[in-house]
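Trainee: Structure below; questions to follow.
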Amino acid sequence: MSEFLLTVEGVTKRFPGVVALDKVSLGVRRSEVHALLGENGAGKSTLLKILSGAQYQDSGTIEFEGKPLGHELPHQRQQLGIVTVYQEFTLMPNLSVAENIFIGREPVRGNFLSWSTMLREAKKVAEKLDLRVKPLTSVYALSVAEQQMVEIARALTMKAKLIILDEPTAALSDREVGKLHQIVRDLKAQGISIIYVTHRLAEVKQICDCFTVLRDGQYAGEGQVADTSIDQIVRLMVGRNVEYMHGEHHKGEEVVARLEGITRLKRLPGSQAVPLRGMSLEIRKGEILGLAGLVGAGRTELMRALFGADLFESGKVYFEGREVTIRSPNEAIELGIVLVPEDRKQQGLFLAHSVRMNLTLPSLAKLLVCRFFIDRRKESALIENFRKALRIRMANQEIVVGTLSGGNQQKVILARCMALKPKILIVDEPTRGIDIGAKAEVHQLLRELASNGTAELPELILLCDRIIAVKEGRITGEMPAMEATEEKLLKLMVLAPHEQHAHIDAQ
Amino acid sequence: MAQTTAPIDKVVEVEKKQPFEWVAFLQKFGVFLFLILLIIFFGSQNPRFLSIRNLFNILTDVSIYGVMAVGMTLVILTGGVDLSVGAILALCAMCGAAAINGTGDTRSATPDPHKFGGLSWLIALLMCVGLGSVVGLIQGKVSTKFRIAPFIVTLGGMTVWRGATLLIGEGSPISGFDTNYCWWGSGSFLGVPVPVLLFLVVTVVGYVVLRYTPYGRHVYAVGGNAEAARLTGLRVDRIVTSVYGIMGFLAGLAGFVQSARLSSAEATAGLGFELTVIASVVIGGTSLMGGVGGIAGTVVGTLLIGVLLNGLVIMNVNPYFQQIIIGVIIVLAVGFDTYAKSRRGRK
């Protein structure tokens with residue numbers, strides 16, 4: 001019997017325009033907790049999807065218990081013993097705990113559900129996990145941590161041999177994290193292997209045995225946690241010691257907007273938004289301000305709060321010297337604050353409609369003839385201007401925006417926002433999912449515009465004048481981009497404040 | 001010289017020559033072709049079908065549905081639906097008639113033609129469209145403010161307004177309007193029946209609003225992607241509420257015309273109209289998911305139903321069988337539309 005439970009070798013996965021995984025390898029031994037690490041966009045999620053059977057690799061092999069895996073469907077992979085607990089929960093909120101645990105594999109007697117078996121088994125597994133809820137409680141009434149336990153309980157009842165935990169602690173409090181760690185140790189003691197994806201490096205030290213690091217879709221290194229310092233891991237995650245060409249950096253003086261103590265602790269209905277814990281910052285005229293933070297750090301949430309897309313509980317917003325209350329995106333846009341949203345397809349575009357409609361929608365009031373009608377000539381001229389200025393590649397103005405490439409779609413949204421002549425342009429992950437050439441063009445546009453946004457690290461250092469680091473709904477540091485390095489920023493992004501001090505002391 | 005024409009669509013000049021795509025063509029014009037085929041078929045079966053008189057008959061018959069279908073197109077474009085239009089039609093007609101009924105006793109009373117100096121029709125008309133708009137706006141507001149699906153709000157509205165109509169009319173019709181009033185239902189202008197003219201006006205206005213005004217774009221945007229619309233700065237709730245207001249206005253207008261045509265306002269008027277109206281819009285290619293479709297398709301859909309009903313009657317088809325045919329056609333039309341879209345999506 002081989003030492004390894006799971007071996008991934010040379011796995012490559014391409015998406016249109018991007019290589020998400022490039023000859024990645026990973027080996028997980030029996031009853032080991034294996035950390036899978038990497039920055040956002042390093043390819044972790046793609047690898048998890050391939051392991052769980054949601055997607056298949058283009059080339060490379062995966063062996064599980066010595067047998068090569070083929071094109072099994074997700075539920076077949078689960079029967080083999082590979083169970084994934086995703087970051088976004090897959091529970092049905094209106095069903096009970098017991099029903100959720102056994103969904104799709106309900107115990108039956110004849111043709112009918114065997115409630116007694118289901119309840120007994122659910123109770124048993126809940127006790128194992130120290131989950132103190134009644135099996136008949138509806139899942140929506142549970143806390144996030146309890147929901148996570150239900151997901152893990154489901155994995156246990158599937159007789160999992162390998163459990164993949166995708167950022168299980170992202171939404172948990174410290175006490176809950178401790179409990180989860182105990183469960184992970186118990187599972188390990190029962191001979192179950194775990195792939196543990198996390199951004200909290202302290203956690204890796206606490207519960208993981210081995211780690212594998214991915215970077216830009218490639219294998220970057222692996223090792224025993226015991227023999228490696230956090231510093232070494234960070235260096236593996238960041239990788240290259242590339243010197244970036246800094247553009248001409250602005251030093252904005254005049255403050256356009258100031259946020260003071262923006263706080264929202266309640267959960268937003270129907271979303272996994274991160275709580276904001278008293279965030280304050282200044283936005284100066286003519287500068288590009290970068291917000292550095294991992295997924296779930298609260299960057300997007302803070303920007304959406306400023307834009308009026310989500311409301312917050314306390315905190316003040318000053319705009320051009322006056323205190324303002326922004327209750328909706330409409331009010332933000334009237335002030336001159338415009339957002340390029342994070343999710344281009346869900347939040348930005350009208351995919352079934354023309355470039356024309358997408359680009360001019362908020363500016364139509366300025367393109368009228370006879371008071372009521374859209375002046376098509378003016379409108380066409382405006383689109384043509386932006387097409388030239390932004391080098392948008394499109395056959396004509398009536399083409400359906402969903403047929404354009406990702407980069408060109410993003411440019412259409414940028415053009416739409418620029419047409420409003422904003423005073424503050426908020427850009428959330430402007431280059432996600434677009435190819436390198438288009439990335440460079442989007443960068444240049446933002447430089448020309450001098451705006452602010454959030455993005456990948458090298459992108460931030462290259463692009464911004466000033467960078468603010470964000471972690472768990474708090475602002476953890478600020479520095480001029482001239483002084484920033486990826487390592488410095490990443491430490492601010494992944495370590496808790498007290499860990500940072502300890503860390504500096506150690507150096 | 002004053003130029004007040006709407007700007008002309010210049011889509012044609014940028015279109016490139018491409019190999020002819022049958023599926024795409026049929027998706028766009030399929031229902032229209034089917035309408036033409038039906039007309040030819042019925043014409044060949046019975047020459048009476050193609051007489052000017054019968055064609056005007058068809059148009060007059062569909063004009064009441066058609067006026068409402070224009071409003072329903074807006075509603076469905078935002079991703080909603082309005083089930084209460086038949087009930088609003090009856091309520092408005094009844095209230096309009098009650099307003100000009102001088103006797104105070106609604107029961108089988110005949111309004112006095114001289115009471116308002118021959119302008120009683122105007123009072124009834126204003127009452128109809130005003131009340132319809134208010135009722136529609138209330139439904140829109142309830143739906144957006146309390147986040148209740150329009151389907152539910154208007155399902156409730158359907159019985160509420162019908163009940164209100166019965167209460168106001170005390171269960172019996174108000175009939176016997178003066179000739180000025182009845183002109184709106186059965187008169188004609190330059191040889192064209194008045195209801196047909198009204199249908200034409202409403203259609204043209206609806207078409208122009210949807211294609212050439214910011215409001216029209218907003219309606220498409222809200223139905224296409226409500227969250228993106230909100231983040232683009234559109235006041236989504238206000239736009240959604242307004243389409244129900246417009247729908248109510250047009251249902252009120254339809255109620256006025258219907259009562260003028262029958263010279264009677266009845267509590268059971270417009271019963272089941274909502275389904276015919278929704279069917280016209282959907283057959284015309286407007287997606288129930290919102291964001292896709294338009295007035296042109298709705299007009300074709302409305303005519304298709306009118307031609308079918310009229311043709312089947314002229315051919316003496318069993319009325320029970322007529323219903324079956326219409327049901328099958330609705331499913332086929334929408335089914336083909338979905339098929340064509342999935343074909344294109346796969347390429």
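Trainee: Take the residues in region B:115-159 that are over 22 Å from B:M289 (Cα atoms) and among the small types (G, A, S); name whichever of them is surrounded by the fewest Cβ atoms within 10 Å (Cβ to Cβ).
Mentor: Top of the filtered list is B:G117.
Trainee: Now for a different question. I need the helices (runs of 4 or more DSSP H) fully contained in region B:223-310, keeping only those with at least 1 residues that are more than 30 Å from A:L335 (Cα to Cα), within 14 Å of chain A (Cβ to nearest Cβ) and modelled with pLDDT under 90.
Mentor: Answer list for region B:223-310: none.
Trainee: Among all residue pairs at least 6 apart or on different chains, which show Cβ distances below 6 Å where the first residue, located in region A:93-109, is surrounded by fewer than 15 Cβ atoms within 10 Å (Cβ to Cβ) and the second is of a type in the set (A, V, I, L, M, F, W, C) and at pLDDT below 90?
Mentor: Pairs that qualify, where the first residue is surrounded by fewer than 15 Cβ atoms within 10 Å (Cβ to Cβ) and the partner is of a type in the set (A, V, I, L, M, F, W, C) and at pLDDT below 90, are A:P93/A:V139.
Trainee: Taking into account only those residues within region A:339-358 that are more than 8 Å from chain B (Cβ to nearest Cβ) and either in contact with a Leu (Cβ under 9 Å, 6 or more places away or on another chain) or in contact (Cβ under 8 Å) with a residue 12 or more places away in the chain (or both), which is nearest to B:Y212 (Cα to Cα)?
Mentor: Only one residue fits best here, namely A:R356.
Trainee: I need a count of the residues in region A:401-423 that are surrounded by fewer than 15 Cβ atoms within 10 Å (Cβ to Cβ) and closer than 17 Å to A:S354 by Cβ.
Mentor: The number of residues fulfilling the criteria is 2.
Trainee: Taking the options A:L339, A:L414, A:L349, A:L368, name whichever one is at pLDDT 85 or above and touching a Phe, Trp or Tyr at 6+ places or on another chain (Cβ under 6 Å).
Mentor: After ruling out the rest, the residue left standing is A:L339.
Trainee: Could you list, in sequence order, the residues of region A:359-387 that are more than 7 Å from every other protein chain (Cβ to nearest Cβ), surrounded by fewer than 19 Cβ atoms within 10 Å (Cβ to Cβ) and part of a loop (DSSP other than H, G, I, E, B)?
Mentor: A:R371
Trainee: Still on this structure, I have one more. Quick one: count up the residues across region B:209-222 that are β-branched (V, I, T) and facing chain A (nearest Cβ under 8 Å).
Mentor: 1
Trainee: Something else: Quick one: would you say B:K10 is closer than 30 Å to A:F372 by Cβ, at pLDDT below 95 and assigned to a loop (DSSP other than H, G, I, E, B)?
Mentor: When the stated conditions are applied, B:K10 passes them.
Trainee: Looking at B:I174, is it touching a Cys at 6+ places or on another chain (Cβ under 7 Å) and either more than 14 Å from every other protein chain (Cβ to nearest Cβ) or surrounded by fewer than 16 Cβ atoms within 10 Å (Cβ to Cβ) (or both)?
Mentor: Judged against the criteria, B:I174 is not a match.
Trainee: Can I ask one more? Scan the helices (runs of 4 or more DSSP H) fully inside region B:109-218 and keep the ones with 2 or more residues being within 17 Å of B:A99 (Cα to Cα).
Mentor: Those helices (runs of 4 or more DSSP H) span B:120-145, B:150-169, B:179-186.
Trainee: If you go through region A:319-335 one residue at a time, how many are in a loop (DSSP other than H, G, I, E, B) and either at the interface with another protein chain (Cβ under 9 Å from one of its Cβ atoms) or at pLDDT below 90 (or both)?
Mentor: Of the residues in region A:319-335, 3 are in a loop (DSSP other than H, G, I, E, B) and either at the interface with another protein chain (Cβ under 9 Å from one of its Cβ atoms) or at pLDDT below 90 (or both).
The values are calculated or read from the model by the stated rules, or taken from the named source; none is laboratory data. Remember, predicted model here, so these are calculated numbers, not experimental data. Note that we place each Cβ from the backbone using ideal geometry, even for glycine, and neighbour counts take in every protein chain shown.
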